[in-house]
Amino acid sequence: MNVTIRPIEAKDDPIVAAIIRRVMPEFGADGPGFAIHDPEVDFMSQSYGAPRSAYFVVEAAGTVVGGGGVAGLAGDGTGTICELRKMYFLPEARGLGAGRALIERCLAVAKAFGYQRCYLETLEGMHAAQKLYRANGFTEIAGPLGNTGHFSCDRFFVKDLSD
């Protein structure tokens, strides 16, 4: 199945919010301290319309099946670190190569925005995602960076964008 990656539009907001709210509980990420509760979930197109931010949706057969984006890391006073954010796929979209393609798109945009490193947070149980991150040059680090408010995440990764 072919997938298309495109910038998010306002019409995608309710679909992306529904995907996030469906996928996160699948991995036990629906309690306090998880991105599912971020106010931006309902308004992703507005939130990622800010400077040095971008969010992309993944379509398969004309249907939005996932998404992910980058924006500056909250609490990074240097402005040099972005965060790979809210990258989730419906089960039917997994294993199609969309994750790799989306990460490549996000990292290219992050470099173009002038970020030097990309950070992400995840959970122990998200093994396939962690494998994907490692395959794309992310290295696990001991603890969180910045101030995302996602205190329930327990795995942290960073990638140098000068690679």
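Annotations
- Within the span defined as the stretch 61-77, one or more residues are of a type in the set (Val, Ile, Thr), free of Cβ contacts under 8 Å to residues at least 40 places away in the same chain and closer than 19 Å to ASP12 by Cβ.
- Where a residue in the stretch 111-140 is within 25 Å of LEU96 (Cβ to Cβ) and of a type in the set (Phe, Trp, Tyr) and its partner, wherever it lies, is at pLDDT 95 or above and surrounded by fewer than 13 Cβ atoms within 10 Å (Cβ to Cβ), with Cβ under 7 Å and at least six apart: none
- Single residue of ILE15, ILE8 found to be of a type in the set (Val, Ile, Thr), more than 12 Å from the chain's Cα centre (by Cα), at pLDDT 95 or above and buried (at least 18 other Cβ atoms within 10 Å of the Cβ): ILE8
- The stretch 150-163, subset over 15 Å from the mean Cα position of the chain (by Cα) and assigned to a loop (DSSP other than H, G, I, E, B), residue modelled with the highest pLDDT: LEU161
- GLU83 modelled with pLDDT of 90 or more and of a type outside the set (A, V, I, L, M, F, W, C): yes
- Complete set of residues in the stretch 100-128 that are closer than 23 Å to GLU26 by Cα and either at pLDDT below 90 or assigned to a loop (DSSP other than H, G, I, E, B) (or both): LEU123, GLU124, GLY125, MET126, HIS127, ALA128
- Selection status of VAL23, out of contact with any Lys or Arg (no Cβ under 9 Å at 6 or more places or on another chain) and among the β-branched types (Val, Ile, Thr): yes
The values are calculated or read from the model by the stated rules, or taken from the named source; none is laboratory data. Everything numeric in this text was worked out from a predicted model, so none of it was measured. With ideal geometry, Cβ positions are generated from the backbone for all residues, glycine too; neighbour counts draw on all protein chains shown.
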